[in-house]
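Read through the structure below, which is laid out as structure tokens, and then see the notes.
Values quoted throughout were computed directly from the atomic coordinates according to the rules given, and no laboratory measurement underlies them. From a predicted model like this one, the values you see are computed outputs, not experimental measurements. Please note: Cβ atoms are built from the backbone with ideal geometry, for glycine as well, and neighbour counts cover all protein chains shown.
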Amino acid sequence: MPRTLLLLLLTACAKSAPPSPIPLDLARWHRFSWASVTADGTRFDRAAILVVDSLSSRGSSEVLLQLDLAGSGTMPFGFPSATPPDPARGRLHGLLHGYRPVTVVTPPNEPNPGPLDQIGSFGLPEFELSPLLLDFARHRIGILPPLRNLAPAIWSPERTTRG
Amino acid sequence: MTYDSSRVRIPLLTGGARPLQVLFDTGLSPFPLWTTRQHWMRLTGRDGTEPDNRRHRLRHPAGALTFVGARFRQEIRVGGVSLGRLDVVFLEEGPAEARLEHWPFAVDGVLGPSAFGDGLIVAMDLRGPRMAILPAGSVR
């Protein structure tokens, strides 16, 4: 085979190979579940992200928390409102606050958390120092260690949006 | 993206003259993209009265909410990453305080987690501030 053709073939193979995954030895991965809610005939299978595991940074026992990056707990009804929060348990934060039941759709091979008594929330203050990774394919949330540039390859210029 | 100590806004490229500055949301709204009526009309090329628009009526402690939805005409992008053609809604009926135009801080919309699908990983660094969107499987 002519050397030029071989070189072209090797170059084509190299370009088509998928990039290697970025190694990330992250001790703090948390599995998340989707909250599913049916609201007046419309089913929202991705109504909210619920973390069933305890968050080690809080040092708490196992709780169910809604990831609330838009409101960080300040907009329980989904928009700025003077209406006091409904103390009823088992409700989501946000526009679907009025709806029950909230079904927790657990990832495959994950135990169901059972009846929902209380749904807390966590938001942006949790990530002031620790970058957040939301892996939708593997239903997991990663919290990178503070003040360490653990995986600089994540922030390649072509896929990063800056302020 | 920008971060003002309580909110993350990301620029959505929609083919318009300027990007939409939307809140990055993970549960406040169940819709992929909630925006104002004015932006909705531009994004969908509709006026909101079409019979094939989707209508979502929600019971809510502050009063009933009616959202009107349709598919955006073209792809929406964050930086160089396409989120595809998203369903976009606006609030047609509801209390004034719920309307994005009346929120006490400026925002063009709310981008929900269902906009991202299962094929992506979102990384957010508030100290940057910066956000990266990676294909699934790119982080071990």
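Here are some notes:
- Given R0 = 35 Å, the distance between the Cβ atoms of B:THR49 and A:ASP117 translates into a calculated FRET efficiency of 0.20.
- Kirkwood Rh, Cα atoms: Rg over Rh of chain B: 0.97
- The mean sequence separation of alpha-carbon pairs under 8 Å and at least six residues apart, normalised by the residue count of chain B, gives a relative contact order of 29 percent.
- Each of A:GLU158 and B:ALA17 was given a label point 7 Å from its Cα along the Cα-to-Cβ line. The distance between the two points is 3.2 nm.
- Residues of the stretch B:21-41 falling in the label zone of B:ALA96, defined by backbone nitrogen less than 18 Å from a point 7 Å along Cα to beta-carbon, are B:37.
- Taking the convex hull of the alpha carbon positions in the stretch A:98-141 and averaging its projected area over all directions gives 4.5 nm².
- Burial ordering of B:MET1, B:MET131, fewest other beta-carbon atoms within 10 Å first: B:MET1, B:MET131
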